[in-house]
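Before any comments, here is the structure.
The values are calculated or read from the model by the stated rules, or taken from the named source; none is laboratory data. All values reported here derive from a predicted model rather than from experimental measurement. Quick reminder, even Gly has a Cβ in these numbers, built from the backbone with ideal geometry, and neighbours come from all protein chains shown. When the accessible area is computed, the model is the full protein with side chains, heavy atoms only, and any ligands, DNA or RNA have been set aside. Shrake-Rupley method; radii C 1.70, N 1.55, O 1.52, S 1.80 Å.
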Amino acid sequence: MADTPELQLAKLRAQLVKLDAAMASGVLTVEGADNTGRVTYRIYAEMKQARRDLVQRINALVVATGGTVTRRASQVVMTGRSGW
């Protein structure tokens, strides 16, 4: 039986949660989303690249299923005060 897009999306999101948790703790080994195996990264930069790739796959799947992609936005506010 083939996975539905919703099931694939749920698996990818679970994988992203596990990767984020590993990155936050500093551990370079991540257990698979469905406990199928482990992935060990050599350096933190590899984990960041894997996260970027995973987010791209999630966004592509969301767009393919007709959903909307959430985007992060940031706003920088600068305030100053004169010394006079």
Per-residue accessible area for Arg51 at 1.4 Å probe radius, Å² rounded to 10? 80
Once both label points are put 7 Å beyond Cα along the C-beta direction, the Val17-Thr40 separation in nm becomes 2.7
Distance (nanometres) between label positions extended 7 Å along Cα→Cβ at Leu54 and Thr79: 3.8
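At a threshold of 8 angstrom on Cα-Cα distance, excluding pairs fewer than six apart, so keeping six or more, what relative contact order does region 5-65 reach in percent?
Contact order relative to length: 35 percent.
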When the solvent-accessible surface of protein heavy atoms is calculated with a 1.4 angstrom probe, in what order do Met47, Met23, Met78 fall, highest first? Met78, Met23, Met47
